[in-house]
Ligand code: FAS
Ligand code: PHB
């Protein structure tokens, strides 16, 4: 097989990139390890920046977003029992949209056939060959047979644990990482949200987040120790904690219901600055990870592929290599600002095991400053809606 652009991974990065290239008539094939239903079944991001929604509108794959997306003009921080509203619309003129990664992925898959975006599911043992040579190709097994896919370029959209970063020689990798000594225990349930906007709460027991997917489906998280196990958390215990945390803050009470999904995700800040190696490029979680506190993960994947698709289109349309040459520096400029904001909000809103009473007073003092400072609220708001491309 041969294509112009071979993409590894059918997550948000790979799917958005594939559609953006196909919209310009550029041949590409996505090679995905899992089944479509497995990918669609993942419960992940919930908040889309304009950068991401603009791509869906540009592609015309926005019917679900337009029908079900919840436009949010503000969100809330909480210092214990004090709600601090960040009025995004008034401070920035912008907004975010609550629309789940699950739903977005579903929409991108559904649009693939009529747009000639080929996705090879259940591709095992994907390997990258000759990435820094003239003839890069992928090898993989699928339906019991070995396959080779030759391409002009290989794009690693294979997430944090995929093979693309590992195809870059260790000596060429420039990596930065911060791991956190806690994770997020999340629950998804078909119950009405406790508040019309998101609430990020810092309290004596640490962080909690009240989010949603629609007016009838809620998504909650609480901070748990990294040693935390799902079996330590019967649903009733989690609902008790959520009720205690949000009762003083939310407009409505926390409505309980059976979990559609419960999971614990570790938190990490990570950047691989080597986003190009010859004809191999990295995009999305393959190149960077942020703690979900700032709702940046999926949105950074979108900005990476916005830059990369423009660069590939310039290459094929005009023989202009400047976009490809400049991709890494351009993407990193936005990545690092999002990493900073996500780290800042994580530091501000979580209980760190090494922190004592002084550090907790510092968090409260910062939140009280945010509560009274339009300048601080504006800075938080403009980062939350996503910095411009
Ligand atoms: P993804 O990981 O989504 O996709 C990579 C794809 O590559 C997957 O489909 C995978 O199956 C495939 N792949 C991997 N190895 C392969 C191989 N060897 N061969 C072929 N295919 C391979 N972000 C937010 O903004 N808000 C959140 O609330 C949030 N919550 C999260 C919760 C969890 C548990 C996790 C893990 C992440 C969360 N994120 C969140 C971040 C997440 O949404 C990512 O930023 C987003 O999925 C990035 O998209 P991709 O870069 O496409 O990577
Ligand atoms: C979610 O709804 O899953 C969500 C929202 C905002 C975040 C993280 C997760 O910062």
Looking only at segment 5-18, decide whether some residue is within 16 Å of ligand 2 (Cβ to nearest atom) and without any contact (Cβ under 8 Å) to a residue 40 or more places away in the chain.
no
Can you say whether residue 354 is at pLDDT below 95 and either more than 18 Å from residue 174 (Cβ to Cβ) or part of a helix (DSSP H, G or I) (or both), as far as the supplied structure shows? yes
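Residue 254: within 22 Å of residue 210 (Cβ to Cβ), away from ligand 1 (no atom under 16 Å from the Cβ), surrounded by 15 or more Cβ atoms within 10 Å (Cβ to Cβ) and in contact (Cβ under 8 Å) with a residue 12 or more places away in the chain, yes or no?
yes
Mind listing just one residue for me: the one in segment 291-310 that is within 8 Å of the chain's Cα centre (by Cα) and in a loop (DSSP other than H, G, I, E, B) and, of those, nearest to ligand 2 (Cβ to nearest atom)?
Applying the first criterion (within 8 Å of the chain's Cα centre (by Cα)) to segment 291-310 yields 292, 295-301.
Going one step further and asking which of them are in a loop (DSSP other than H, G, I, E, B), we end up with 295-296.
Numbers: 295: 3, 296: 8 Å.
Restricting to residues being within 8 Å of the chain's Cα centre (by Cα) and in a loop (DSSP other than H, G, I, E, B), the top hit is 295.
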Checklist entry - Is one or more of the residues making up segment 223-231 modelled with pLDDT of 95 or more, assigned to a loop (DSSP other than H, G, I, E, B) and within 23 Å of the chain's Cα centre (by Cα)? => result no
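From the list 183, 228, exactly one residue is out of contact with any helix residue (DSSP H, G or I) (no Cβ under 8 Å at 6 or more places or on another chain) and surrounded by fewer than 19 Cβ atoms within 10 Å (Cβ to Cβ). Which is it?
Numbers: 183 fails: surrounded by fewer than 19 Cβ atoms within 10 Å (Cβ to Cβ).
Within the list 183, 228, the selection yields 228.
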Some residue of segment 57-66 being within 16 Å of ligand 2 (Cβ to nearest atom) and out of contact with any helix residue (DSSP H, G or I) (no Cβ under 8 Å at 6 or more places or on another chain)
no
Picked from segment 38-56 (must be surrounded by 17 or more Cβ atoms within 10 Å (Cβ to Cβ) and part of a loop (DSSP other than H, G, I, E, B)), the residue farthest from ligand 2 (Cβ to nearest atom) is 49
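Go through 249, 242 for me and flag whichever is more than 12 Å from ligand 2 (Cβ to nearest atom), at negative phi and part of a loop (DSSP other than H, G, I, E, B). Give the steps one after another, and end with the answer.
Values: 242 fails: part of a loop (DSSP other than H, G, I, E, B).
The unique qualifying residue is 249.
Give the number of residues within segment 124-142 that are in a loop (DSSP other than H, G, I, E, B) and within 15 Å of ligand 1 (Cβ to nearest atom). Can you show your working first?
Of all residues in segment 124-142, those in a loop (DSSP other than H, G, I, E, B) come to 130-136.
Okay, now just the ones that are also within 15 Å of ligand 1 (Cβ to nearest atom), so 131.
Qualifying residue count for the region: 1.
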Checked against (1) exposed (fewer than 14 other Cβ atoms within 10 Å of the Cβ); (2) in contact (Cβ under 8 Å) with a residue 60 or more places away in the chain; (3) in a loop (DSSP other than H, G, I, E, B), residue 148 satisfies every condition except (3)
Note on segment 276-290: residues more than 9 Å from ligand 1 (Cβ to nearest atom) and either more than 14 Å from residue 9 (Cβ to Cβ) or within 10 Å of the chain's Cα centre (by Cα) (or both) are 276, 277, 278, 279
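The values are calculated or read from the model by the stated rules, or taken from the named source; none is laboratory data. Just so it is clear, the structure is predicted and the values come from calculations on it, not from any experiment. Neighbour counts run over all protein chains shown; Cβ positions are idealised from the backbone, glycine included.
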